[in-house]
């Protein structure tokens, strides 16, 4: 029960890594806010958690819309009393398109979800953390945070940006009690990777794709007090794929 008494807002909590993290945090005692656009999926996950004796609520939000983010954060904080942990997990992929194949609409969409979304939610929650003098932020990067070839032009750009965002948040707010770190998942079996014939699998030292629950376990460590001396860190959970790059 490493998160007893904590309130965690899981952005992108309605599928994949976010769903697994929502459930794991609830198992560890957190009051979980499952946040995303898919109300049906969110309600299902909340039921799964509460049926197991956990505490959870759904917060509908569009991370690209500042007003939507403000409403969701305000409602979540009012309902749960506060927010202690922010998990920025909303993200979409570009299907490995290079710059010549990427139109402006696709570029703007990916940057809005993958980068602006994390900015908007963090900006809205940060005053809550600063008032308490304590808070935890977990940003979700990718193999594309470090190397090319794990996504297309825009996806790689967006995930490099999240690394810079993580470092700057840590630099600006670490001494004010805010812990900020990044998880860089590898090729994980989620809806985002479904249908992708990816040759990277043969180059993964672990010999397989990862499981969402393995990312959730890493997130639990970063959310817990056990990682309190980690600041601005980039935790790779990729089965070793990047070691050969």
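Throughout, read-outs are computed from the coordinates displayed, never taken from laboratory work. A quick note: this is a predicted structure, and the numbers were derived from the prediction, not measured. Glycine gets a Cβ as well: all are built from the backbone with ideal geometry, and neighbour counts include every protein chain shown.
On a 0 to 90 degree scale, rounded to 10, what angle separates helix 16-27 from the longest Cα axis of the chain? With rounding to tens, the tilt is 30 degrees.
Peptides 7-15, 218-226 ordered by packing proxy, namely the average of other Cβ atoms within 10 Å per residue, highest first: 7-15, 218-226. Remark: the Cα gyration tensor places the stretch 70-202 in the prolate category, a/c being 1.5 or greater and a/b exceeding b/c. Helix 212-223 and the long axis of the chain differ in direction by around 50°, with both axes built from C-alpha atoms. Every helix of 4 or more DSSP H residues in the chain counts as -39500 (n - 2.57), and over all residues that averages to -12500 deg cm²/dmol at 222 nm. Size descriptors for the stretch 8-124: radius of gyration and Dmax over Cα atoms are 14.9, 51 Å. Legend: calculated FRET efficiency, residue 131 to residue 234, from the Cβ-Cβ distance at R0 = 25 Å, rounded to 0.05, equals 0.35. Helix 117-132 axis versus longest C-alpha principal axis of the chain: approximately 30°, rounded to the nearest ten. Using 0.36 nm per residue and subtracting the Cα-Cα separation, the extra length available between residue 217 and residue 43 on full extension is 60.4 nm. The distance between label points at residue 194 and residue 99 comes to 3.4 nm (points 7 Å beyond Cα on the Cα→Cβ vector). For the chain, the relative contact order is 19 percent, taking Cα pairs closer than 8 Å that sit 6 or more residues apart in sequence and dividing their mean separation by the residue count. In terms of its Cα atoms, the stretch 1-76 spans 34, 23, 18 Å along the principal axes, sorted from long to short. Only alpha carbons enter this Debye calculation for the stretch 7-240, each as an equal point scatterer, and the log10 of I(q)/I(0) it gives at q = 0.10 Å⁻¹ is -0.42. Maximal additional length on extending the residue 171-residue 65 stretch stands at 35.5 nm, based on 0.36 nm per residue less the C-alpha distance. A convex hull fitted to the Cα coordinates of the stretch 98-175 yields 79 cubic angstrom per residue.
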